[in-house]
Structures are given as structure tokens and as C-alpha cells.
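The block underneath contains the structure these notes are about, expressed in C-alpha cells.
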Amino acid sequence: MLKRFHIIILLLLFFIYFLANNKTKIYDNFTNYNLNNELIIINNFFSKNDFKKIKKLCLNKKFKNDNRLYSRKTICLFKKKNIKLYDLIYKNNKLKKFIKKNYDKKFTNSPSFPIEYRIYPKDSTGMKFHKDLSMFSPDCLEVILTLENNSDSKFQWFENNFLKEIYPKENTLCIVKPNTIIHGVSPTYGGTRKILKFIIEFENSKKKRSFYEEIKNCPN
């Protein structure tokens, strides 16, 4: 019995060692990472001028507790009160061309779901591994724009059973197709990370029941 226990412990240690030594980091010099259009990561997506404007428009927003995930705080920014922010993002020609090229679809400038401004505060535990919820048919795209990251927080995902990660600097854009990539956010360990999360909603997309459940719980 003791021998079997030792074997199990050795196998667990080997498994942990295997994961640790097969973790792949995508370093800072990458510009474009595309995994079958299910995950796309782009550094320095917006122009310096536009990114500066986006950050400035978010500067005085006050975060609220997010009951969907206690390790972060969120404020949902509806278009009516944030037209300049929506125009900077949804009317951006680079974004329009990129989505058209990769997904061959047009998206609406007035999405049904609001832009979310989120912070992972000091010593946040991040976000556990998950697949993004599908709220539309056909699926929309979930987009994360890092505004600031002075923490150790990383964006992580599984690819072919290997854990991969990046350290998202400001102006890093991550596009995720719902219900595909298993991904998560590692803890902040002392600093903070601020992001915008917004939806690319394609024309003629129809809302699912999950849409109404999510928007009801979006802090505003």
C-alpha cells in the first residue's frame, strides 16, 4: 500500500514538472498571434493617439463590485453616456478591416451589450479557467483591451493540452470566440490590471437567453 502511495506521489510530481517545463510564453516582441480565429492576440492595436483618448475617457469612471466575479470590479458603460468611447472603438477602421478579413462579416457600431470597464485590484486572485459564454447566434466575439497592467497578471490559455500565457501590456488586444478556447487570468500579486471588455456583435445576430441573464447582472 505504501509503495503504491509513493508511486502516485511520483506520478503527480512528474505531471507538475511536465506542465511547468512545457509552459510556453509568448514574449513581448510578437505582433500577431492567431489560433484558428478562436483566439487572436495583437500588440499595440490602436494608434497612440486613439489609445490615449480611450484611456482618458475611462479615467474618472468608478468601479463597482461585480457579483459575477468577486476578484474584480466592473462598471458597464452604456453607449448613450459614452458615445465618444464607442466611436473610438467601433468606428475604428483598423478594427473593421481586421474583423472583415478574418471573419468575413460586418459588425454593428451599436452593440446590444455594453462595454465593460474592469479592474483586477491589488492581490486579486484573477479569473479561473473557463470558456466564454455564448450570448448570440451566430456567436459574437469577446474582445479584451488592456489599458494598464502594473501587476504580474497574465492572460493564459490551453492549446493542444499545453498551458500558454502572455503578459498583456497596455494596448494589447485579445479576441476570443465564445465556447472555444479555455482561458483565464492569473493573480495580480500586488499590482493592478485595468481592461475594457467589449463585444463584436455581427449584423443579424440574435440574442440568446444567456444575454439577458448577463446584462441584468452587469454593474452600472
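The values are calculated or read from the model by the stated rules, or taken from the named source; none is laboratory data. This structure is a prediction, so every number in the text was calculated from the model and none was measured. Methodologically, a virtual Cβ is constructed for each residue, glycine included, from the backbone with ideal geometry; neighbour enumeration extends over all protein chains shown. Note: areas computed on protein heavy atoms with side chains; ligands, DNA, RNA excluded. Shrake-Rupley method; radii C 1.70, N 1.55, O 1.52, S 1.80 Å.
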### Message
Quick check on packing: order 58-66, 180-188, 44-52 by the mean number of other C-beta atoms within 10 Å, highest mean leading.
### Response
180-188, 44-52, 58-66
### Task
Could you pull the accessible area for residue 41 with a 1.4 Å probe, rounded to 10 Å²?
0
### Query
Protein chains only, probe 1.4 Å: how do 132, 104 rank by accessible area, largest first?
104, 132
### Query
Structure shown: which of 79/207; 81/169; 61/169; 84/154; 52/81 lie over 23 Å apart, alpha-carbon to alpha-carbon?
81/169; 84/154
### Task
With everything on Cα atoms, drop me the angle between helix 2-21 and the longest principal axis of the chain, reported from 0 to 90° to the nearest 10.
40
### Task
Output the pairs from 56/97; 96/208; 64/96; 122/206 with a Cα-Cα distance over 29 Å in this structure; if there are none, say none.
64/96; 122/206
#### Entry: Accessible surface of residue 193 - all protein chains present, 1.4 Å probe, nearest 10 Å²
10
### Summary
Rounded to whole angstrom, the alpha-carbon centroid of segment 65-137 lies from that of segment 176-197 at a distance of 12
### Query
Working out 0.36 nm times the residue gap between residue 81 and residue 217, then minus their Cα-Cα distance, what length gain in nm do you get to one decimal?
47.1 nm
#### Entry: Over the chain: helical MRE at 222 nm, DSSP H runs n ≥ 4 each giving -39500 (n - 2.57), nearest 500
-8000 deg cm²/dmol
### Query
Which one, [x] 1, 6, 13, 18, 20, 17, 11, 5, 3, 2, 2, 1, 1, 0; [y] 1, 8, 16, 20, 20, 15, 9, 5, 2, 1, 0, 0; [z] 1, 6, 13, 15, 15, 12, 10, 8, 8, 6, 3, 1, 0, 0, gives P(r) over Cα pairs in 5 Å bins from 0, in percent as derived from the coordinates shown?
[x]
### Förster-model FRET efficiency, 22 Å R0, residue 208 and residue 148, C-beta, rounded to 0.05
0.10
